[in-house]
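The values are calculated or read from the model by the stated rules, or taken from the named source; none is laboratory data. All values derive from a computational prediction rather than experimental measurement. Heads up, the Cβs are rebuilt from the backbone with ideal geometry, glycines too, and the neighbour counts pull from every protein chain shown. With ligands, DNA and RNA removed, areas are computed over all heavy atoms of the protein, side chains included. Shrake-Rupley method; radii C 1.70, N 1.55, O 1.52, S 1.80 Å.
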Amino acid sequence: MLKTSFRSLMPVWAILVLAGWPGRVHAATVLAPGDLVLVTLNSSPPEGFDAVPLAPLEEGTVISFTDNGWSNTAWRGTEGVVTYTASVAVAAGTVLSYRGSNINGFAKSGSFQLSTAGDTLLVYQGPATNPAFVFGVGWAQSS
């Protein structure tokens, strides 16, 4: 019978943890306000936007985009969210394009739909209950 102590396994566990096995935990970039900009918005089909990070994004970085309005300390309604997750490192200056489809790291949830009559697109990180805002833009069309 083979007897193994925890102490004898310590070097093995240390190697596995340092090597990132069995599952590597990736760091995520925390963006400061202005570290990502929206360079295009299209509320007509095909609905979408282009965002450009001004800082490099590490693999695993998650960025949320919502058409929900913010009123002092809470969201105004129940609009949708488009979430971008970097599957690889992304260089600063790379254009990230969302065109209404769950591809290229983007995933839509809820009733995200940019309005031609006027809307807001807010970019944030973290949970919706405590967002860290990165960028935002709003527009209106006069009648």
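Below is a table of values for the structure above.
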| item | result |
| --- | --- |
| Residues that are under 17 Å from Trp139 (Cβ atoms) and open to solvent by 60 Å² or more (accessible area, probe 1.4 Å), drawn from the range 65-101 | Trp70, Arg76, Glu79 |
| Pair list, Cβ under 7 Å, 6 or more apart: the range 92-107 residue at positive phi, other residue at pLDDT 95 or above and among the aromatic types (Phe, Trp, Tyr) | Gly105/Tyr84 |
| Number of positions in the range 86-110 that are under 21 Å from Gly34 (Cβ atoms) and touching a Gly at 6+ places or on another chain (Cβ under 8 Å) | 4 |
| Residues that are out of contact with any Pro (no Cβ under 8 Å at 6 or more places or on another chain) and either surrounded by 15 or more Cβ atoms within 10 Å (Cβ to Cβ) or of a type outside the set (S, T, N, Q) (or both), drawn from the range 123-143 | Val123, Gly126, Pro127, Ala128, Pro131, Ala132, Gly136, Val137, Gly138, Trp139, Ala140 |
| Any hit, the range 111-132, residues being in contact with a Lys or Arg (Cβ under 8 Å, 6 or more places away or on another chain) and more than 20 Å from Pro33 (Cβ to Cβ) | no |
| Cross-chain or 6+ apart pairs with Cβ under 8 Å, the range 35-46 first and farther than 22 Å from Leu57 by Cα, then part of a strand (DSSP E or B) | Asn42/Gly48; Asn42/Phe49; Ser43/Asp119 |
| Those strands (runs of 3 or more DSSP E) lying entirely in the range 72-143 with at least 3 residues over 12 Å from the mean Cα position of the chain (by Cα) | 118-125, 132-140 |
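Residue-by-condition table, conditions (1) surrounded by 17 or more Cβ atoms within 10 Å (Cβ to Cβ); (2) at pLDDT below 95; (3) in a loop (DSSP other than H, G, I, E, B):
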| site | (1), (2), (3) |
| --- | --- |
| Thr4 | no, yes, yes |
| Leu16 | no, yes, no |
| Trp21 | no, yes, yes |
| His26 | no, yes, yes |
| Ala32 | no, no, yes |
| Pro45 | no, yes, yes |
| Ala51 | yes, no, no |
| Glu59 | no, no, yes |
| Ile63 | yes, no, no |
